[in-house]
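Student: Could you have a look at this structure, given as structure tokens, before my questions?
The values are calculated or read from the model by the stated rules, or taken from the named source; none is laboratory data. Just so it is clear, the model here is predicted, and its values are computed rather than measured. Reconstructed Cβ throughout: ideal geometry from the backbone, glycine too, with neighbour counts over all protein chains shown.
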Amino acid sequence: MIKNKLSYQANCWGPLGGNAVGVTSTTKLTYRTFGDMDKAFADIRAAGYVGVEIFDGNLLDLSVSESRSLLNNNGLELVAAYSGGNLIFKDILSEELNRFRIVADRLAELGAPHLVVGGGAKRFDGPKDSDYSVLADSLEQVVTIAKERGLEAHYHPHLTTLAETEDQVRRVFEQTSIRFCPDTAHLAAAGGNPAQMIKEHKDRISYVHLKGFQADPFAFTPLDQGTLDHAFILDALKEINFSGWLTTELDEWPDPSEGARSSMAYLKDQLNLS
């Protein structure tokens, strides 16, 4: 099914944050891991993964030649970059879309197949019905940006956005053609059934995020820990004949390398990989 298509997000090798310039310049508002990407890539490869996903800010920190060297030196393939935006405020939408273009240009230069975006701002006084249609229109523009550069665009439902619950996720995907990148932990944390959502949206899924989840106290974990049983999720992926990249991620862990190894050991066992 997915042999030789296991990748890992490089976001665990330091504190997570954003580009502070984005407070006054939306175009510059990228995600960022404040950590050593050289070590992250080396640890990811040593754990057995052959691909890597990276935040947009870390991606743009490096030149194309620097990125190629980092990837080649570690025997890794760049699979995707993750970016985000409010995506419902029309006054700043052009700035957010311009940032996506910059990220997509870099991904295309490096031969990566996927652009993943999250977002859909939750207003302080609650969402408006129109927010969903504006979000959908924005995501359609992301689809165009990606397609023009030979990429696949994916929307990543996420806690703290307009797409948390199963019904909210359905509402978004009813209005847009963008592909669905399920994050198993975020879907479960919002009360959803990730395995069922994968089967329900099977025609929209060509890229997946796997993440462990512990309900109480709330925490993200390696795949072999926590309260979310990924065996059912992997069975669902087999059932839909999924053959794309599976990216495991872990936002924070005391020993990032150990977390990556733990998840790989779990995947090897569940998928009968040598």
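Student: Six or more apart or on different chains, Cβ atoms under 6 Å: show the pairs whose first residue is in the stretch 178-190 and under 16 Å from ALA236 (Cβ atoms) and whose second is among the β-branched types (Val, Ile, Thr) and modelled with pLDDT of 95 or more.
Tutor: Final answer for the pair search is PHE180/ILE205; CYS181/VAL116; PRO182/ILE198; PRO182/VAL208; THR184/ILE233.
Student: Would you mind listing the helices (runs of 4 or more DSSP H) fully within the stretch 35-123 where at least 2 residues are surrounded by 23 or more Cβ atoms within 10 Å (Cβ to Cβ)?
Tutor: Correct list: 37-46, 56-61, 90-109.
Student: Could you tell me whether any residue of the stretch 232-250 is in a loop (DSSP other than H, G, I, E, B) and farther than 24 Å from VAL52 by Cα?
Tutor: Let us first name the residues in the stretch 232-250 that are in a loop (DSSP other than H, G, I, E, B), namely 240-244, 249-250.
Then keep just the ones that are farther than 24 Å from VAL52 by Cα; that gives none.
No, because not a single residue in the stretch 232-250 is in a loop (DSSP other than H, G, I, E, B) and farther than 24 Å from VAL52 by Cα.
Student: May I ask you to verify whether ARG179 is modelled with pLDDT of 95 or more, closer than 16 Å to ALA80 by Cα and within 18 Å of the chain's Cα centre (by Cα)?
Tutor: yes
Student: Hey, another quick one. What are the residue pairs meeting all of these: first residue in the stretch 195-217, first residue of a type in the set (Phe, Trp, Tyr), second residue in a helix (DSSP H, G or I), Cβ atoms under 8 Å, and 6 or more apart or on different chains?
Tutor: Going by the 8 Å Cβ cut-off, the qualifying pairs are PHE213/THR184; PHE213/ALA185; PHE213/ALA188; PHE213/ALA189.
Student: Considering only the stretch 221-235, state which residues are surrounded by fewer than 22 Cβ atoms within 10 Å (Cβ to Cβ) and out of contact with any Ser or Thr (no Cβ under 8 Å at 6 or more places or on another chain).
Tutor: Across the stretch 221-235, the qualifying residues are THR221, GLY226, THR227, ASP229, ALA231, PHE232, ASP235.
Student: May I pose another question? With (1) of a type in the set (D, E, K, R); (2) at pLDDT below 95; (3) surrounded by fewer than 15 Cβ atoms within 10 Å (Cβ to Cβ) as the list, and LYS28 as the residue in question, which single condition is left unmet?
Tutor: The failed condition is (3).
Student: Next question, about the same structure. Are there any pairs, at least 6 apart or on different chains, whose C-beta atoms fall under 8 Å, with the first in the stretch 94-118 and touching a residue at least 24 places away in the same chain (Cβ under 8 Å) and over 10 Å from VAL79 (Cα atoms) and the second surrounded by fewer than 23 Cβ atoms within 10 Å (Cβ to Cβ) and basic (Lys, Arg), and if so, which?
Tutor: Pairs that qualify, where the first residue is touching a residue at least 24 places away in the same chain (Cβ under 8 Å) and over 10 Å from VAL79 (Cα atoms) and the partner is surrounded by fewer than 23 Cβ atoms within 10 Å (Cβ to Cβ) and basic (Lys, Arg), are ARG99/LYS28; ALA104/ARG149; ASP105/ARG149; ALA108/ARG149.
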